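**Student:** My structure is below; once you've seen it, I'll send some questions.
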Amino acid sequence: MNNSDNMLEAIAFAGETLAPFFLEDPETGNAKASFDALAALDASEAAHEWPFADEKEARSALSLMVDALKNGRDGNLTWEYRRLFIGPAALPAPPWGSVYTDRECVIFGDATIKLRVWMSEHGIARTNDEKTPEDHIGLMLALMAHLARTQPVCLDDYLQNHFLTWAPHYLAELEKAAEHPFYQGLAQLTRATIEGVQEARALAVVLPRFYR
């Protein structure tokens, strides 16, 4: 592998590793293997190997996540996931890009439509049901990984114009909203990682106006 291939592999690894924790309910979802693998980690060793993020930041975030899981995946973790990502109450930090960049703060807003058009133009099929907006943080992490593996020529355009425009802002909001250390750590680790990807790929990102 050359350096470019190594970077793409690291981006794919990061996206594939982080996405399930945003997409899957800890109790009823399909990410049991991901939660089990994380719980078995040594946070310091994992931080040393984690790509793109500063090792100290990665260690702090991973320690929060690993310790939370080692203390038991109880109802508090599941309740917090549903409070942050499902509802039925209003979500304190909604996981969709258009909520932050659309003047009306709605899902399926302008950012969603632009991403949908971009995906269609590049022959990228939806991997979820039609009711879930494409600009969900978990889906966009998974798409980052998919592009790194299969369509790397499209990756920087996607990151620069669709993902990095809003995701760090959202992750800062998620960290503030989270009341469980697992999701605090997840927000920290994900933000540090994608900002590290931006730096590694020397991407200049024009930030939109945020409405929340």
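**Student:** Across the range 149-180, what is the total count of residues that are over 22 Å from residue 84 (Cβ atoms) and either open to solvent by less than 10 Å² (accessible area, probe 1.4 Å) or part of a loop (DSSP other than H, G, I, E, B) (or both)? Let's see the steps before the verdict.
**Tutor:** We begin by selecting, within the range 149-180, every residue over 22 Å from residue 84 (Cβ atoms); these are 149-162.
Checking which are either open to solvent by less than 10 Å² (accessible area, probe 1.4 Å) or part of a loop (DSSP other than H, G, I, E, B) (or both) leaves us with 151, 155, 158-159.
Residues that pass the stated criteria total 4.
**Student:** So, in the range 85-137, of the ones that are of a type in the set (Val, Ile, Thr) and either touching a Gly at 6+ places or on another chain (Cβ under 8 Å) or not in a loop (DSSP other than H, G, I, E, B) (or both), which residue ends up nearest to residue 187 (Cα to Cα)?
**Tutor:** At the first step, the residues of the range 85-137 found to be of a type in the set (Val, Ile, Thr) are 86, 99, 101, 106-107, 112-113, 117, 124, 127, 132, 137.
From what is left, the residues that are either touching a Gly at 6+ places or on another chain (Cβ under 8 Å) or not in a loop (DSSP other than H, G, I, E, B) (or both) are 99, 101, 112-113, 117, 137.
Working: 99: 17, 101: 19, 112: 21, 113: 25, 117: 28, 137: 11 Å.
For the range 85-137, the residue satisfying everything is 137.
**Student:** So, in the range 114-128, how many residues would count as being without any contact (Cβ under 8 Å) to a residue 12 or more places away in the chain and open to solvent by 80 Å² or more (accessible area, probe 1.4 Å)?
**Tutor:** So the count comes out to 2.
**Student:** State which residue pairs qualify: first residue under 13 Å from residue 98 (Cα atoms) and inside the range 154-175, second residue basic (Lys, Arg) and surrounded by fewer than 19 Cβ atoms within 10 Å (Cβ to Cβ) in any location, beta carbons under 8 Å apart, and separation of 6 or more residues or different chains.
**Tutor:** The qualifying pairs are 162/114.
Residue by residue, here is whether (1) of a type in the set (Phe, Trp, Tyr); (2) part of a helix (DSSP H, G or I); (3) surrounded by 21 or more Cβ atoms within 10 Å (Cβ to Cβ) holds:
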| site | (1), (2), (3) |
| --- | --- |
| 15 | no, yes, yes |
| 29 | no, no, no |
| 38 | no, yes, yes |
| 53 | no, no, yes |
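The values are calculated or read from the model by the stated rules, or taken from the named source; none is laboratory data. This structure is a prediction, so every number in the text was calculated from the model and none was measured. Backbone-built Cβ (ideal geometry, glycine too); neighbour counts: all protein chains shown. Calculation scope for accessible area: heavy atoms of the full protein, side chains included, ligands and nucleic acids excluded. Shrake-Rupley method; radii C 1.70, N 1.55, O 1.52, S 1.80 Å.
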